[in-house]
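Visitor: Just dropping this structure here.
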Amino acid sequence: MTQKKSKQERVNEITQAAMEVFIKKGYENTTMENIAKKAGVSKGGLYHHFSSKDMILLTVNQKISENIQEIMIKAGKCDSVKKGLIYFIENYLRYWMEHPQETSFLFISIVKIMDNTELLEYYQDFTTDYIKFFEDAFAIGVESGEFIPHDVKISAITLVAAMDGVLSYMILDETLKVDDVIEQFKEKFITSIEA
């Protein structure tokens, strides 16, 4: 007798299958039937968990974002702001480079943001929280004397933009090694503002 899977296990299987199908076929060419087949569920079973392809797209993005939020949580537990920021930079860049499937999916999602209101709102909220995390970290670093006084909001925005932007360059340019990029980021965004 086979053991019935929990709802969470089934959702995880569906979202993993959906990510693979979206990457292989593209969002527009993917059907709910394709996802159901890949996940090993009936079409009705798929609709039991997800009402639309857009809902699946959003859920996969939320699941991937949980990994980034976990890096933020661990960075926040470091014993200094500098160590926390370095921890985040290292682990964030490594995460995306070591998870090419998730990285490909992220790029597919970025294309869909402009015509998917829920996905756009999700990423607007996530980005606000993401920038605030760094803004607060830089502010604490200034207050504690770890960093020189500077515009912490600009530091947060430029760090976030640089990390997200460099990902595509690291994919396109094989001479950009993750360890070298991490060292350059430490120099530019941490060492340059140390007190």
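Visitor: Connecting C-alpha atoms closer than 10 Å in a GNM of the chain, tell me which of Tyr92, Tyr47, Tyr122 has the biggest fluctuation.
Guide: Highest fluctuation of the listed residues: Tyr47.
Visitor: Could you work out the local net charge near Trp96, counting Lys and Arg as +1, Asp and Glu as -1, over the other residues with Cβ closer than 10 Å to its Cβ? Display every interim value, and only then the final one.
Guide: Numbers: positive: Arg94; negative: Glu98, Glu102, Asp164.
Summing Lys/Arg as +1 and Asp/Glu as -1 gives -2.
Visitor: Further question: Test of understanding: in a Gaussian network model of the chain with alpha carbons linked when under 10 Å, which of Ile131, Ile154, Ile56 would top the mean-square fluctuation ranking?
Guide: Judging by the Gaussian network model, the answer is Ile154.
Visitor: Hey, fewest Cβ within 10 Å first, where do Leu58, Leu176, Leu106 land in order?
Guide: Numbers: Leu58 20, Leu176 14, Leu106 17.
Arranged by neighbour count, lowest to highest, Leu58, Leu176, Leu106 become Leu176, Leu106, Leu58.
Visitor: To the nearest µm²/s, what D does Stokes-Einstein give for segment 142-193 at 25 °C and 0.890 mPa s, using the Kirkwood radius over alpha carbon pairs as Rh? Present the calculation step by step, with values, prior to reporting the outcome.
Guide: Values: Rh = 12.2 Å.
Estimated diffusion coefficient is 202 µm²/s.
Visitor: Next question. What are the DSSP H helices in the chain that stretch 27 Å or more along their long axis, judged by alpha-carbon atoms, and whose average Kyte-Doolittle hydropathy comes to at least 0.0?
Guide: Details: long enough: 53-76 (35 Å, 0.08); 117-144 (40 Å, -0.13); 152-172 (30 Å, 1.68).
Once both thresholds are applied, what remains is 53-76, 152-172.
Visitor: Using amide H atoms built in the peptide plane, which far-off residues or other-chain residues are under 5 Å from Phe147 H to H?
Guide: Those qualifying (amide H under 5 Å, at least 5 residues apart or on another chain) are Val142, Ala195.
Visitor: Give the longest segment of the chain that steers clear of GluC sites (Glu not before Pro) in DSSP loops with at most 15 neighbouring Cβ atoms within 10 Å, not counting the sites themselves. Let's see the in-between values first.
Guide: On the way: sites that count: Glu28, Glu174.
The reported range is 29-173.
Visitor: What FRET efficiency do you get for Glu98 and Glu9 if R0 is 25 Å and r is their Cβ-Cβ distance, rounded to the nearest 0.05?
Guide: Details: r = 24 Å, r/R0 = 0.97.
E(calc), rounded to 0.05, equals 0.55.
Visitor: Ignoring solvent entirely, what values of log10 I(q)/I(0) come out of the Debye formula for the chain at 0.14, 0.16, 0.19 Å⁻¹ when each Cα is a single scatterer?
Guide: -0.86, -1.03, -1.27
Visitor: Rank Gln16, Gln124, Gln62 by mean-square fluctuation in a GNM of the chain with C-alpha springs under 10 angstrom and give only the top-ranked residue.
Guide: So, out of Gln16, Gln124, Gln62, the one fluctuating most is Gln124.
Visitor: Which of rounded, prolate, oblate describes segment 1-51, given a ≥ b ≥ c as roots of the alpha-carbon gyration tensor eigenvalues and a/c under 1.5 marking rounded, otherwise prolate only if a/b is larger than b/c? Provide the component values of the computation, followed by the final result.
Guide: Details: a/c = 2.25, a/b = 1.90, b/c = 1.18.
Prolate shape, in that a/c is at least 1.5 and a/b is the bigger ratio.
Coordinate-derived values only; no laboratory data. The shown structure was predicted, so the numbers you read here are calculated from the model rather than taken from an experiment. Here the Cβ is made from the backbone with ideal geometry for all residues, glycine too, and neighbour counts use every protein chain on show.
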